[in-house]
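Undergrad: Here it is, the structure in full.
The values are calculated or read from the model by the stated rules, or taken from the named source; none is laboratory data. As the structure is a prediction and not an experimental result, all values here were calculated from the model. Here the Cβ positions follow ideal geometry from the backbone for every residue, glycine too, while neighbour counts run over all protein chains shown.
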Amino acid sequence: MKSLEERRKIVEPMLALRMPPKTATLVRDSLVNRVIEGCCTSYEFEIGALSYRGVWISTIEDIEVKVDGETIPYSNMMFFCNGLNYPIPDMGKHSECFWGIKDRACLRIYRPGGLPKGTHRVSITIYKRADFGHSFGDGEDGFEDAQEFQRTQMIKDSCEFTVK
Amino acid sequence: MGHVKHSITLYGFGDRYVSGAYTFEDILVKAKKLGGDGIEVVAPQMVPGHPNPSEEWISYFKDACENYELDPVCYSIYVDSGKHKNRFLYEHERLAESIHEMETAKRLGFKIVRSQDALLPTTMEKLLPYAEALGIHLAVEMHGPWHPSAPLFQQYLELFRKADSPYLGVVPDFSAFNSCTTDLILNSLPADCFHKDILIQANECLATTEIPVDEIEQMILNMGGDELDIEIFRAKLAGTGPNAKMKMNIWRTHPEFDGFRDFLKYTKYVHGKFWFVDENYKEKSVMYPQFIKIMKEERFNGFIASEYEGSMFDPTISDEDQIARHIIILEKLWEAV
């Protein structure tokens, strides 16, 4: 058995971890450059289910994306789900959109020419509230004690995509 | 199938459904093969287009239930309190959204709708005329960390007594009565980093004795465990320490049996939550023999759902085998007690 310190380094982060998503957040091999009438101004990749039961997109407070180490600004990014598109800062306002676990959802990144051929490292962090919990109240009444809805969960993933 | 009515909640197959290993049709076939008398569907999990499924899907579901001779018993809905930033749902939202879901349940052929504790008793009371009109039994789930004597559930009990209606009630979930956390939770940690066998023994002490937690910790050290084992014990098993699983109660040998009995009068559907039934047909985390005895004494004639949750901690275990074992355990206990 490894030393106590070595084992602690491995185990302690796992103890602090909440239940991770059931599927990879970045759907592997899903990145494609989008070609429209022979022109390319964006690429996109799919986002996997974040929960065992689907989520309201209004619970997503922020999405950060880095591609090859470069942070993508909101102005160059759009979330797509159920045939509709949402700028990232607006997602919280859209309580009408339920993202079911079998619904295709993707992030589109705007960039003239798309991504060049080769391998690219994409990292994502999604900040999300719980959809439901055991705190209760009516509207704002009692909400100040509802820690479970005030803390956001950070869902992280990172992988390499290859553009052929 | 004996004297107890079995329901299989399709949620038990949820992990493999999410991952794509099973289709919805696969799950219906498995439920049929396992021999449940009825099924439960978790609406936002398996109903495409939730909360507005298409007419085509509704027709497909009803035809599938008929073809596989599956009785749609319980439709599980949620109170999504986190939907809006900085507030819970308002009552008008809880009411309108619940009525919408109850109508959908009716269209799909379900007889029971399971909602959640955050519905609140005052709102549930206002839903009674709709439940009556639809012929739906609307039930609030008593899920851990809630328990019968919790003030919120005492308010629900007061409502059930006052309404005295077959259309309002509760779904007790055994997570509200569990004696210990499942050992499976340890499977998510690397086996070469801690003394798993010692922690399994410690968990047995939690489930079957009232030995104080600090004495169990000393036992862990005496058996050859170390500081990290204590940290894991606190976080994953005893429910203490900074990384403890949020708010869940470990009832050890004294779950609220009398409270369970009180609520059973208003129960048509029990969530037979389980994580692992061993080869001797024992589920360490829930005192099934005692609860089944109470159900028989109270002449319970509703459904017990086999609600498998072990795949959350160990996806290598066969969900089908576990649900089959759970049905057997219920049959054996129902006959024996």
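Undergrad: Among the numbered criteria (1) part of a loop (DSSP other than H, G, I, E, B); (2) within 14 Å of chain A (Cβ to nearest Cβ); (3) over 21 Å from the mean Cα position of the chain (by Cα), which one does residue B:126 miss?
TA: (1)
Undergrad: All but one of (1) within 25 Å of residue B:176 (Cβ to Cβ); (2) touching a strand residue (DSSP E or B) at 6+ places or on another chain (Cβ under 8 Å) hold for residue B:149; state the number of the condition that does not hold.
TA: Of everything listed in (1) within 25 Å of residue B:176 (Cβ to Cβ); (2) touching a strand residue (DSSP E or B) at 6+ places or on another chain (Cβ under 8 Å), residue B:149 misses just condition (2).
For every residue, the table says whether it meets (1) of a type outside the set (Ser, Thr, Tyr); (2) over 26 Å from residue B:20 (Cβ atoms); (3) modelled with pLDDT under 95.
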position	(1), (2), (3)
B:236	yes, yes, yes
B:255	yes, yes, no
B:319	yes, no, no
B:322	yes, no, no
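Undergrad: Related question: Here is a list: B:32, B:62. Which entry is in contact with a Gly (Cβ under 7 Å, 6 or more places away or on another chain) and in contact (Cβ under 8 Å) with a residue 24 or more places away in the chain? Outline the logic, then answer.
TA: Values: B:32 fails: in contact with a Gly (Cβ under 7 Å, 6 or more places away or on another chain).
None of the other options fit; the residue is B:62.
Undergrad: Another question, then. What number goes with the only condition from (1) facing chain B (nearest Cβ under 8 Å); (2) assigned to a loop (DSSP other than H, G, I, E, B); (3) under 28 Å from residue B:91 (Cβ atoms) that residue A:148 does not pass?
TA: (2)
Undergrad: Taking residue B:306 and the conditions (1) part of a helix (DSSP H, G or I); (2) touching a Leu at 6+ places or on another chain (Cβ under 8 Å), which numbered condition does it fall short on, given that it satisfies the others?
TA: Unmet condition: (1).
To keep it simple, each residue is scored yes or no on (1) without any contact (Cβ under 8 Å) to a residue 40 or more places away in the chain; (2) under 30 Å from residue B:196 (Cβ atoms); (3) in contact with a helix residue (DSSP H, G or I) (Cβ under 7 Å, 6 or more places away or on another chain); (4) of a type in the set (Gly, Ala, Ser).
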{"residue": "A:12", "(1), (2), (3), (4)": "yes, yes, no, no"}
{"residue": "A:25", "(1), (2), (3), (4)": "no, yes, no, no"}
{"residue": "A:38", "(1), (2), (3), (4)": "yes, no, no, yes"}
{"residue": "A:44", "(1), (2), (3), (4)": "no, no, no, no"}
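Undergrad: Do we find a residue being more than 17 Å from the chain's Cα centre (by Cα), modelled with pLDDT of 95 or more, surrounded by fewer than 20 Cβ atoms within 10 Å (Cβ to Cβ) and not in a helix (DSSP H, G or I) anywhere in the range B:261-275?
TA: Scanning the range B:261-275, I find at least one residue that is more than 17 Å from the chain's Cα centre (by Cα), modelled with pLDDT of 95 or more, surrounded by fewer than 20 Cβ atoms within 10 Å (Cβ to Cβ) and not in a helix (DSSP H, G or I), so the answer is yes.
Undergrad: Just to verify a result, which residue in the range A:2-57, among those that are more than 7 Å from chain B (Cβ to nearest Cβ) and assigned to a helix (DSSP H, G or I), is surrounded by the most Cβ atoms within 10 Å (Cβ to Cβ)?
TA: A:57
Undergrad: Condition first: within 19 Å of the chain's Cα centre (by Cα) and of a type outside the set (Gly, Ala, Ser). Now tell me which residues in the range B:21-46 satisfy that.
TA: Let us first name the residues in the range B:21-46 that are within 19 Å of the chain's Cα centre (by Cα), namely B:27, B:31, B:34, B:36-46.
Once the filter is applied, which keeps residues that are within 19 Å of the chain's Cα centre (by Cα) and of a type outside the set (Gly, Ala, Ser), the range B:21-46 yields B:27, B:34, B:37, B:39, B:40, B:41, B:42, B:44, B:45, B:46.
Yes/no per residue for (1) farther than 30 Å from residue B:64 by Cα; (2) away from chain A (no Cβ under 12 Å); (3) free of Cβ contacts under 8 Å to residues at least 24 places away in the same chain:
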residue	(1), (2), (3)
B:149	yes, yes, no
B:159	yes, yes, no
B:170	no, yes, no
B:181	yes, yes, no
B:188	yes, no, no
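Undergrad: Return the only residue of B:211, B:220, B:232 being surrounded by fewer than 20 Cβ atoms within 10 Å (Cβ to Cβ) and either assigned to a helix (DSSP H, G or I) or of a type in the set (A, V, I, L, M, F, W, C) (or both).
TA: Numbers: B:220 fails: surrounded by fewer than 20 Cβ atoms within 10 Å (Cβ to Cβ); B:232 fails: surrounded by fewer than 20 Cβ atoms within 10 Å (Cβ to Cβ).
None of the other options fit; the residue is B:211.
Undergrad: Show the residue pairs that are 6+ apart or on different chains and have beta-carbon atoms under 6 Å apart, the first residue being within the range B:131-146 and within 15 Å of residue B:303 (Cβ to Cβ) and in contact (Cβ under 8 Å) with a residue 12 or more places away in the chain, the second being among the aromatic types (Phe, Trp, Tyr) and in a loop (DSSP other than H, G, I, E, B).
TA: B:137/B:167
Undergrad: Next question, about the same structure. Looking at B:210, B:227, B:283, B:217, can you tell me which residue is within 14 Å of another protein chain (Cβ to nearest Cβ) and at pLDDT 95 or above? Can you show your working first?
TA: Values: B:210 fails: within 14 Å of another protein chain (Cβ to nearest Cβ); B:283 fails: within 14 Å of another protein chain (Cβ to nearest Cβ); B:217 fails: within 14 Å of another protein chain (Cβ to nearest Cβ).
That would be B:227, the only listed residue that is within 14 Å of another protein chain (Cβ to nearest Cβ) and at pLDDT 95 or above.
Yes or no, residue by residue, for (1) touching a helix residue (DSSP H, G or I) at 6+ places or on another chain (Cβ under 6 Å); (2) of a type in the set (Lys, Arg); (3) at pLDDT 95 or above:
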| residue | (1), (2), (3) |
| --- | --- |
| A:85 | no, no, yes |
| A:107 | no, no, yes |
| A:113 | no, no, yes |
| A:138 | yes, no, yes |
| A:154 | no, no, no |
| A:163 | no, no, yes |
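Undergrad: If you scan the range B:96-118, which residues turn out to be of a type outside the set (A, V, I, L, M, F, W, C) and more than 14 Å from chain A (Cβ to nearest Cβ)?
TA: B:103, B:106, B:107, B:109, B:111
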